[in-house]
Amino acid sequence: MVLSSTPVVRLSGVSKTYGSTKALTEVDFSCFSGEVHAILGENGAGKSTLIKLIAGVVQPTEGKITVNGKELVLKNPSIATSHGLVCMFQELSLVPDLSVRENIMLGAPGTGFGWLNSKVVPQAESILEQIDGAHIRMSMRVADLTLAERQQVEIAKALTRNPKLLILDESTSALNSSVVEKVFKLIRKQRELGVGVLFISHRFHEIEALADRISIFRNGQYVETFDNGAFDYGYIISRMVGQRIDDIFPPKKVFNTEAEEVLKLDSYSWKGGFNNVSITLRQGQITGFGGLDGQGQNEVLLGLFGLLKNTAGEIQIAGHSVKITHPKQAKAPDLGIALVPEDRKTEGLVLEQSIARNLELSALGTKGVNALDPTIYQTFLEALELKCNSLDQPVSQLSGGNQQKVALAKWLALNPRCLLLADPTRGIDVKTKTQIYALLRRLADSGIAVLLLSTDFEELIHLCDDAHIFYDGEIVSHLKGSELTAENIIAASLNIQTGGEVHG
Amino acid sequence: ETYHPECFVPAPGTSIIEKSAKEGPYKIAFVNGFAGNDWRIAAIQASKAWAARPENAANIEKFTVVSVGNDSSAQIAAIDNFIAAGYDAITFIAVNPTAFEPVIRRAERAGTVLVPFDNVLDSDKIVQINESQFALGKLKAQTVMDELGGTAKKILMVNGLPGNATDRDRRLGMMSVLEKVDGLDIVEVVGNWDTGTSQKVVADALATHGQFDAVVSQHGSAGTINALQAANHPIVPMGVDGENGVRMLMADLKIPGVSAAQAPAMSAVALEAAVSLLQGHSLPQTVYLPIPQVKSKNLQAGVNYFPDLPKSFNTGTGFPSCFKPFSPQELLGQSIDNT
Amino acid sequence: MGDIWRSNQREVIAVIVLAILLTLYFSTHPSGPTTYVMTIWANQCLILGLAAIAQFFAVIVRGIDLSVGAVMALTNCIASYLIIGTGLEVAGGILVVLAVGITCGLINGMLVVFGRIQPIVATLATGSLFLGIALLLRPTPGGSIDYDISDVMTLDIFGIPTTLIFALGIITFFWLPLRKTGLGTGLYAVGSSEQAAYQSGISVEKVRLASFALGGFFAALAGLFFSFVTTTGDAGIGPNFTLNSIAAVVLGGVLLRGGIGTLTGALAGAFILKTISSLMFFSGLPPLAQPLLEGLILAGAIAIGGADVLRVKNRLEVFGK
Amino acid sequence: MNNFKRLIPDIDVLVPYIGTLLLIITGSVIYPQILGVDYLAQQLQIAAFLGLLALGATIVILLGHIDLSIAWVLTGSAIISTALVGTGDPILSMLSIPIALIFGAGIGIINGLGVAVLRIPSMVWTLSVNSMLLGISVVLTGGFNPKGEASDIMVALATSQISGLPLAFIIWMLVTAALVLLLKKTSFGRYLSSVGYNEKATLLSGVSTPSVIIAAFSIAGICSAMGGVLLAGYANQAYQSMGDPFLLPTIAAVVIGGTSILGGRGSIAGTVGGVLFITLLNSILSVMQISDAWRSIIFGLIIITMLLFQSLRKKRT
Ligand SMILES: Nc1ncnc2c1ncn2[C@@H]1O[C@H](COP(=O)(O)OP(=O)(O)OP(=O)(O)O)[C@@H](O)[C@H]1O
Ligand SMILES: Nc1ncnc2c1ncn2[C@@H]1O[C@H](COP(=O)(O)OP(=O)(O)OP(=O)(O)O)[C@@H](O)[C@H]1O
Ligand SMILES: O[C@@H]1[C@@H](O)[C@H](O)OC[C@H]1O
Ligand SMILES: [Mg+2]
Ligand SMILES: [Mg+2]
């Protein structure tokens, strides 16, 4: 890999503060053309802020940004794009109510208020084909796409902007490994064409697979940069976190197959969503839901939380067959179900309200819980080490990782019998992950049954006692113990039958 | 014979309009504007009561009433539609006094008779039925000045809905008298013809301007009287509207002055005028109906006000020179069915 | 194909409803759908239609405009002074009227964009301001509009109502092209997700301003056609049109939360609303029962839009995405 | 920083009160009587009608919705209560007020059902409910012309004074206090602003959001009905469209009081200030015999100024 002498972007002495929050302090950082430069850091380390600066979404409080040697003021994203600085944002920049086609053309350089440039559309289509997105029609409304499909479109959109610097901020977080691999192929091709790539991900194996160089950020400060492979995970993590983390995952226990049944689904079905789902969940068990994004696993969780109308089949809670028609009913102590939904920003939390208000919201009106007693949340907030100025701080000011901790704690305070988690660690840094994993283990040991939907097979393998892999709304394979291997999971996800007990 | 020439008192200096007679029975429409107002409801009831009387029913093939809301373009559309549908005559309460020139031309061409009333047009081309709004205002002002023996220091004037020709003319009528009184301080407030609003603004006026020698009010006068009561304002001469509740108050409190009504029953006179025109009779272009009025000393329960009817009931139930006034029962008898 | 249906079904439904109501209306009309009757119908429909378009441009960017009626009143009053005399004077008058409308729209837009005031309250206040100016110009109704231009605009061309042609013209020569421009798409982007729009390189502020300016422009057009129909100036015309324009856009399938709906839909909604009122003319319904019936039909028509929510099988879907 | 953030709403709340003081002071320069006890007492009495409506409107706006049926719920409840009294039947006249309030609650529930269950935008649903109410009352009045009569109680509630304070004002304050408690002390209060900010997340927290919405609208309906009963007592009668002059001032009062029309953020105290301000502004403009045109120009400009003041100050922080 040859590095051109002048970097595509160089930040010198750049600081960014939001009100009192110091998002970035005195950062000197460069990215060269023809390199894939990974940025690692905890939630709130300043990664998104860094790239938002480069993408012109926010402007530095101090310091200067030079692009290809020229110092520039990037007043807004369109200026940045016009200089070839193209970003795939963590909060996707797709407009839900517009079609894929319109989104691709939206804000393309030189458009302004004038005619849209439709030349980019075929380009985007061919890119989508290369990353398993052929099924995404240009005429589809983005709102109707799954998160994964949106990320695919976002990638296509970005590449049609013919970037000099391509920025991916957790842009593959919802994509399954096979698609990610294809995306990486494209990115490598861009690199060969001399494009610089900034890559943010919380998934180590992805970074290992793609990055040429790695820069580490911690609490808004640049720590160091080194070539990929120069150091091992342990070291990297210690640099990110400022301390060593030896085991990301807590040791597994052999769980007692005789333990009391908590949740039993018997050919649980929902038209157009999932079909014939039969599982058993016992006290202390952590069961995973795996499979490609949007195979019906999330809908099962919604159903169990009383959000789906006219479902078929039987639900048994602690041996009693029940009909769950409303979240209020689901959370009541006699059922004791809690759901931490997929999208913390719009579903899990009321961003505008304080941490305290958010914590209390689900506890309020639940029998036998005193929502206004702060101590009931304390243990969990401590276990998760929530970072915040005070519980009166609006949740919107927390980094996503910390937002997720609140979304989790507000349910744990109800000490539910059965905890449903929809991809709770997406976009969450390794330290936060370990904290969440450890907590889940502890909860399981205390007798809670955990149903964990995850797009990250590491979690299914290392955290779960068993996993159900979904394909097209059905459970195609139930993997237990030693069957829980990456190969089996991927195979089942693609419905290629191998080991494991295979369902009809 | 349903033609009563004595009914159609010509306005001073107005012209005579004559149409060639048409064979009856006639198709007639009444196009009202806003409906959610007691006066307009009464007007609609009166028109239907008139059409239901046998002597009139004989002349009428079809009688339709619609309310189009406060939208002159909608009212124009409605009238145009009835013209298109071959109606012989259309009466209406104009939402706007100056918006109907083109419609008048179209009606002319189609041979349809247009008769506006209450809120009439600034036009001399068609027969219009109303009380002289100017005279109505003047009457109230004149009466209170007479009660005061021609001299007064301060008088309160409660106006109607601004931006409205009726309001403008009534005010000018009052002014025509009051301006001549020298040294008279005239305090004007806007009551919007609305009882509650009048009560508020009058209360404020009393609190800030102190006592008045007399009060004249266009409509919604009950509110005005309530406010005077609440402020323990001494009883002074008043010129007020003709709502039942107002007359009750006037009688109970022995308020000197006059209650003069813009009588909803004029909707019936408009119909009568339409029929007369269609029958070939010539009518004054502007008809000024005798203003139904009663001096407070002549107030008489059951005759010119009705303690057992709603206060919002409008006592102007007819014009004796045109037809036998409607009994309240007769108005109600025509409840909501259109036949 | 399916996608195209899905993204246009609201408009299609609105148009079907309109067609049904219209047949009903003409079937009750003693003289049937003659050119004259069509013209009367089209004229009053277009006035509300233009007001609804003005409302549409506020709503599509997640706003609401409570000054539509006031701008109509103001422009109508101005028209009653200026649109009279030689062809040149008339043309000049029309331009001034439209310019005033755009100015009003821009004032609203600036209060929203730079003053950071919620559209609904900003326009509540400016509405009162514009109305006041209108009242200064015309304390009571009066003035007049050139009859020739009025006739040209409110009669028919070869048996087709001019106003109907005008409406179709707006759709084909203004709306459909606009939809293919950065501005047209930007409107939806801003209304649907401001952040996404911004990050995609859209200048959110410019789009909002443009949208309110367009709103003002169409409110002025509405005021202008109101002038052509009534040939006079009247400061009191506003209130009806403000609220009805909102009802109209909703009937036309425009979502008040912004980002969804089309100008065509807004027009259709207005035509539906006006046709409902027209139904009363020859319905033979008891006069005092008509307001109630009208209210019921309106509520019904609006409720139909809500009905399919009952069929939603996933509670979260009702929140839209 | 944080404590400061928590202060912001309080400043918003103060704005209308400061504005009210300024009005009184400037007004009194021209009319010293404005500082007089009976003028001010009178303003409190008159403010009470608008005040009750605005309380209900605040609840609905906190929810992120709006209620445009205020005017004819007011008129309807006034007609109903006076009609019942008018029957002369002692029991009916005793029940007149409760029944009027039940009517208000009922309409509120209809509003709430349309919004919460059918998911129709409140702005159009309540609007069409309003026009249906107009229709109904036209039919009834035209059909039966019920003899209306405000009971002595209604008159007393609206017009009598207790040790110099108008009873109407006291009632308004009692309802205010009740609603403040409701918002501050009950789960419902919490749910209200959570729904206002993010209904989806609130539902997913296991809250029955439809019930919250329906409850809020029926509270608003009851408030409008109270306004109707009091106004009927004040005017000593009911009449068509007696509510029409109240719709826009109500909304204006709420937003001047610093409640966000988007829902979630806002306060009852602010609304009370907004009501006092609007009432006084209208009164003083009327007393000064300013022409209708200038009145609405001044009204518009003042509201714009206050809104700009509020929003631009936030922008700075
Ligand atoms: N708009 C903002 N206003 C206030 N604080 C902000 C804002 N944006 C970022 N921050 C703060 O700056 C810090 C860095 O945020 P940033 O999003 O860059 O972290 P990150 O590295 O992207 O975290 P994650 O891995 O969760 O994406 C965080 O503490 C965050 O709270
Ligand atoms: N208006 C705001 N005020 C304060 N902080 C904000 C605001 N908007 C965003 N932030 C902070 O800025 C950061 C923006 O980062 P971003 O949203 O990209 O990732 P994130 O929120 O950290 O989520 P994730 O953990 O998925 O990366 C968030 O951490 C959030 O805490
Ligand atoms: O003439 C007026 C009438 O048109 C209005 O509707 O009510 C009050 C009357 O004075
Ligand atoms: Mg980030
Ligand atoms: Mg982030």
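See the values below:
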item	result
Condition check for D:Thr87: under 24 Å from B:Gly36 (Cβ atoms), of a type in the set (S, T, N, Q) and more than 14 Å from chain C (Cβ to nearest Cβ)	yes
From A:Phe113, A:Phe29, A:Phe89, residue being within 16 Å of ligand 4 (Cβ to nearest atom), assigned by TED's automatic domain parsing to the domain that holds A:Val197 and touching a Leu at 6+ places or on another chain (Cβ under 6 Å)	A:Phe29
Positions within segment A:295-317 being over 21 Å from A:Val476 (Cβ atoms) and at pLDDT below 95, in sequence order	A:Lys309, A:Asn310
Filter pass, A:Leu193 being without any contact (Cβ under 8 Å) to a residue 40 or more places away in the chain and in the same structural domain as A:Gly34 (by TED's automatic domain parsing)	yes
Residue among A:Ser477, A:Ser446, A:Ser482 that is away from ligand 2 (no atom under 16 Å from the Cβ) and within 18 Å of A:Glu382 (Cβ to Cβ)	A:Ser446
Filter result for C:Ile165 (modelled with pLDDT of 95 or more, in a helix (DSSP H, G or I), surrounded by fewer than 17 Cβ atoms within 10 Å (Cβ to Cβ) and away from chain A (no Cβ under 14 Å))	yes
Selection from segment A:103-112 of residues that are of a type outside the set (Gly, Ala, Ser) and either more than 17 Å from C:Glu194 (Cα to Cα) or surrounded by fewer than 16 Cβ atoms within 10 Å (Cβ to Cβ) (or both)	A:Pro109, A:Thr111
Failed item, numbered, when A:Ala45 is tested on (1) within 16 Å of ligand 4 (Cβ to nearest atom); (2) part of a loop (DSSP other than H, G, I, E, B); (3) within 10 Å of chain C (Cβ to nearest Cβ)	(3)
Some residue of segment B:181-190 being surrounded by 21 or more Cβ atoms within 10 Å (Cβ to Cβ) and more than 16 Å from ligand 1 (Cβ to nearest atom)	yes
Any hit, segment C:37-50, residues being in contact with a strand residue (DSSP E or B) (Cβ under 7 Å, 6 or more places away or on another chain), within 30 Å of C:Gly233 (Cα to Cα), among the β-branched types (Val, Ile, Thr) and within 10 Å of another protein chain (Cβ to nearest Cβ)	yes
Odd one out for A:Val36, checked against (1) within 25 Å of the chain's Cα centre (by Cα); (2) more than 16 Å from ligand 4 (Cβ to nearest atom); (3) at positive phi	(3)
Among (1) assigned to a loop (DSSP other than H, G, I, E, B); (2) surrounded by fewer than 24 Cβ atoms within 10 Å (Cβ to Cβ) - the single one D:Met94 does not satisfy	(1)
Set A:Glu347, A:Glu352: member being within 7 Å of chain D (Cβ to nearest Cβ) and not in a helix (DSSP H, G or I)	A:Glu352
Residue ranges of helices (runs of 4 or more DSSP H) in segment A:134-229 with at least 1 members away from ligand 2 (no atom under 16 Å from the Cβ) and within 14 Å of chain C (Cβ to nearest Cβ)	A:147-159
Failed criterion for A:Cys87 (all others in (1) more than 19 Å from A:Glu26 (Cβ to Cβ); (2) assigned to a loop (DSSP other than H, G, I, E, B); (3) within 16 Å of ligand 5 (Cβ to nearest atom) hold)	(2)
Cβ pairs under 7 Å, 6+ apart, first in segment A:423-434 and away from ligand 1 (no atom under 11 Å from the Cβ), second at pLDDT 85 or above and outside any loop (DSSP other than H, G, I, E, B)	A:Asp423/A:Leu453; A:Pro424/A:Val340; A:Pro424/A:Gln404; A:Pro424/A:Leu408; A:Pro424/A:Ile436; A:Thr425/A:Lys433; A:Thr425/A:Ile436; A:Thr425/A:Glu459
Residue in segment B:253-260 that is in contact with a Cys (Cβ under 9 Å, 6 or more places away or on another chain), touching a residue at least 40 places away in the same chain (Cβ under 8 Å) and not in a loop (DSSP other than H, G, I, E, B) present	no
Check on A:Leu372, touching a residue at least 12 places away in the same chain (Cβ under 8 Å), surrounded by fewer than 24 Cβ atoms within 10 Å (Cβ to Cβ), part of a loop (DSSP other than H, G, I, E, B) and under 23 Å from the mean Cα position of the chain (by Cα)	no
Pairs with Cβ under 9 Å, 6+ apart, first in segment D:278-301 and within 16 Å of B:Val158 (Cβ to Cβ), second acidic (Asp, Glu)	D:Asn282/B:Asp204; D:Ser283/B:Asp204; D:Ser286/B:Asp204; D:Val287/B:Asp204; D:Gln289/B:Glu188
Where A:Ser482 falls short, out of the listed (1) farther than 21 Å from A:Thr257 by Cα; (2) more than 16 Å from ligand 1 (Cβ to nearest atom); (3) among the small types (Gly, Ala, Ser)	(1)
Every pair of residues 6+ apart whose Cβ atoms lie under 7 Å, when the first sits in segment A:385-407 and is more than 12 Å from chain D (Cβ to nearest Cβ) while the second is small (Gly, Ala, Ser) and part of a loop (DSSP other than H, G, I, E, B)	A:Lys387/A:Gly44; A:Ser399/A:Gly44; A:Gly400/A:Gly427; A:Gly401/A:Gly44; A:Asn402/A:Gly44
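The values are calculated or read from the model by the stated rules, or taken from the named source; none is laboratory data. As the structure is a computational prediction, the values presented were derived from the model and not from experiment. Cβ coordinates were reconstructed from backbone atoms using ideal geometry, including for glycine residues, and neighbour counts include every protein chain displayed.
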